[in-house]
Amino acid sequence: MHLDVQDLRNFYYRSTLGRAAQAAVRGRVQAIWPQATGQTIAGFGFAVPLLRPYLGDARRVIGLMPGPQGVMAWPAGQPNVSVLVEETLWPIETGHIDRLIVMHGLETSERPSDLLDECWRVLGPGGRALFVVPNRAGLWSRSDKTPFGYGRPYTLTQLEAQLRKHEFEPEFHCSALYHPPSFKRFWLKSGPLLERTGTRIPTIMAGGVFLVEVSKRLHPPRGAGIKDKVPSRIRILEGLSNPLPKPA
């Protein structure tokens with residue numbers, strides 16, 4: 001079940017914990033995709049907090065927000081690029097997206113398989129997608145104080161297996177949100193240090209979210225098709241070794 005867009009907006013733009021979470025996840029996204037010059041980049045779910053760095057150099061930026069969640073105008077003070085869409089039927093031509101970010105979209109979807117098929121459809125050849133989902137073992141998936149406490153959390157193995165099933169090839173993964181989902185000032189101030197520590201030594205603590213970058217696999221040719229019949233070598237030489245009788 002998708003969260004309401006007003007709750008998502010209030011968390012990411014009007015709370016100290018939400019702004020800290022936005023900065024931590026966006027920093028990891030920018031490390032994976034430093035720039036998107038001349039590319040079309042889209043975000044599904046509530047991924048717009050991660051799209052802002054690309055507004056200046058991307059050819060086009062699109063914020064896709066599912067109907068059950070609702071939509072808001074974004075970015076503030078600039079021409080709107082967000083649009084309300086059906087969860088599994090986006091108004092985008094096949095193969096027109098170069099980069100796709102999905103956050104608060106997959107784990108809350110009631111039709112995750114159909115959603116992944118739609119993600120595959122809109123990506124162009126060589127396109128990349130980045131899925132941000134709550135970590136089942138992390139603290140953030142256990143707290144309903146944040147949007148990551150809703151929906152179905154994943155283990156890394158579960159997420160990558162589901163992506164492979166839908167013709168995506170995992171290329172890279174990392175974690176973010178190593179600080180606790182707490183509004184207390186001590187944890188908010190310690191957040192940047194904990195993020196750096198978790199990034200360098202990820203086995204010590206579990207991050208609150210996984211980020212998995214995938215590439216688009218191309219479907220292998222399907223169907224038997226029409227094949228030219230190649231004569232057997234044995235049949236070709238048959239008349240030499242065992243001459244056939246001539247007709248009378």
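The values are calculated or read from the model by the stated rules, or taken from the named source; none is laboratory data. Predicted model, so just to flag it, every value in this text is computed and none were measured. Positions of Cβ are generated from backbone atoms using ideal geometry, with glycine treated the same way; all protein chains shown enter the neighbour counts. SASA here: full protein model, heavy atoms, side chains in, ligands and nucleic acids out. Shrake-Rupley method; radii C 1.70, N 1.55, O 1.52, S 1.80 Å.
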Open item on the list: Let me cross-check residue 183: its accessible surface, 1.4 Å probe, with only protein heavy atoms counted, in Å² to the nearest 10?
Closed with: 100 Å²
Task: Partner aspartates and glutamates for residue 145 [C-alpha distance under 16 Å; skip if fewer than 8 residues away on the same chain] - done: 4, 7
Open item on the list: Suppose all protein chains stay in the model; what accessible area per residue would a 1.4 Å probe give for segment 5-216, in Å²?
Closed with: 44 Å²
Task: Proximal aspartates and glutamates to residue 184, defined as alpha-carbon separation beneath 14 angstrom and excluding residues fewer than eight positions away on the same chain - done: none
TODO: Go through 110, 195 and list them by solvent-accessible area, largest first, probe radius 1.4 Å.
DONE: 110, 195
Open item on the list: Sequence gap at least 6, Cα distance under 8 Å: using those rules, report the relative contact order of segment 53-123 to the nearest whole percent.
Closed with: 26 percent
Open item on the list: Quick check on segment 1-158: take the gyration tensor over C-alpha atoms, sort the square-rooted eigenvalues as a ≥ b ≥ c, and tell me if it's rounded (a/c under 1.5), prolate or oblate.
Closed with: rounded
Open item on the list: Calculate the FRET efficiency for residue 155 and residue 73 from the Cβ-Cβ distance with a Förster distance of 41 Å, rounded to the nearest 0.05.
Closed with: 0.70
- [ ] Could you check how much of the accessible area of segment 5-216 is carbon and sulfur, as a whole percent, using a 1.4 Å probe?
- [x] 53 percent
- [ ] Work out the FRET efficiency for residue 83 and residue 137 from their Cβ-Cβ distance, taking R0 = 35 Å, and round it to the nearest 0.05.
- [x] 0.50
Task: Estimated distance in nm for a label pair at residue 169 and residue 55, the labels positioned 7 Å out from Cα along Cα-to-Cβ - done: 3.5 nm
Open item on the list: As a test, work out the antiparallel percent of DSSP beta bridges whose residues both lie in segment 1-126, rounded to the nearest 5.
Closed with: 5 percent
Open item on the list: Give me the percent relative contact order of segment 5-216, please, defined on Cα pairs under 8 angstrom at least 6 residues apart.
Closed with: 19 percent
